[in-house]
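Chemist: Take a look at this one; I'll ask things after.
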Ligand SMILES: Cc1cc2nc3c(=O)[nH]c(=O)nc-3n(C[C@H](O)[C@H](O)[C@H](O)COP(=O)(O)O)c2cc1C
């Protein structure tokens, strides 16, 4: 264990937040970390939005049926990818995870809400006035946790192999 693995292991999806504000430095640093994610051919095909206005958060929550809790988060990130780039999805997912882990390192909890392939991807893009060349990949609701649920994980030995796979 070290400081990075401790941060990774302490992360859980949080969907209930306290009404505290989030430090501006944490927001900006998390986006910087997101934008340092690896990308195919170093294309960096992304655009990161930060939404704090309650009215806009409520509109996003209304559109994103599986992210209703966005209405009550402190802020929501919206990660968009340039859809003409072959690997925009992989690249933007790598960025989303970097963003989430960087937030966690600042004690800011979050929850990834699906964007790609969702019916609401286009309405969210239009709502946020984002150019048509981008498509929504993910939303990340964030804030100070009010409630943390620990999701069960698969047993390590069932999901790994070394050298070649062997049936049990
Ligand atoms: C691609 C992706 C899409 C997700 N979409 C949603 C979502 O729309 N709504 C939601 O509440 N959680 C969403 N999640 C969070 C997962 O439900 C969560 O990561 C999973 O239950 C495991 O819990 P943990 O993050 O606490 O380990 C998403 C996670 C990923 C990686």
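Chemist: For a footprinting-style exposure proxy, rank 148, 51 by other Cβ within 10 Å, fewest first.
Modeler: Neighbour counts put them in this order, fewest first: 148, 51.
Chemist: Based on DSSP H runs of at least 4 residues, each adding -39500 (n - 2.57), what is the mean residue ellipticity at 222 nm of the chain after dividing by all its residues, to the nearest 500 deg cm²/dmol?
Modeler: Theoretical 222 nm ellipticity from helices: -9500 deg cm²/dmol.
Chemist: How big is D for the chain, in µm² s⁻¹ as a whole number, if Stokes-Einstein is applied with the Kirkwood radius of its Cα pairs at 4 °C and 1.567 mPa s?
Modeler: Estimated via Stokes-Einstein, D reaches 77 µm²/s.
Chemist: Right, another one. Among 90, 24, 85, rank each residue by its count of other Cβ atoms within 10 Å, from fewest to most, as a rough exposure measure.
Modeler: Ranking 90, 24, 85 by Cβ neighbours within 10 Å, fewest first, gives 24, 90, 85.
Chemist: Follow-up question, since we're still on this one. Which shape class, rounded, prolate or oblate, goes with the stretch 57-134 when its Cα gyration tensor gives a ≥ b ≥ c as root eigenvalues, a/c under 1.5 marks rounded, and past that a/b bigger than b/c marks prolate?
Modeler: oblate
Chemist: Order by neighbour count: 21, 13, 138, fewest other Cβ atoms within 10 Å first, most last.
Modeler: With the fewest neighbours first, 21, 13, 138 line up as 21, 13, 138.
Chemist: Let me ask another. Just to be sure I understand the model, the point goes 7 Å from the Cα along the line to the Cβ. What's the resulting residue 147 to residue 42 distance in nm?
Modeler: Placing both labels 7 Å along Cα→Cβ, they lie 4.6 nm apart.
Chemist: Here's another thing I want to ask about it. Kirkwood Rh and Cα-based Rg: tell me the resulting Rg over Rh for the stretch 92-168, rounded to two decimals.
Modeler: 1.12
Chemist: Now for a different question. Go through 70-81, 30-41 and give me the packing order, highest mean Cβ count within 10 Å leading.
Modeler: In decreasing order of mean packing, 70-81, 30-41 become 70-81, 30-41.
Chemist: Below 8 Å between Cα atoms, with a sequence gap of 6+, how large is the relative contact order for the stretch 1-103 in percent?
Modeler: 39
Just so you know, all these numbers are worked out from the coordinates, no wet-lab data involved. This structure is a prediction, so every number in the text was calculated from the model and none was measured. No Cβ is skipped: glycine too gets one built from the backbone with ideal geometry, and neighbour counts run over all protein chains shown.
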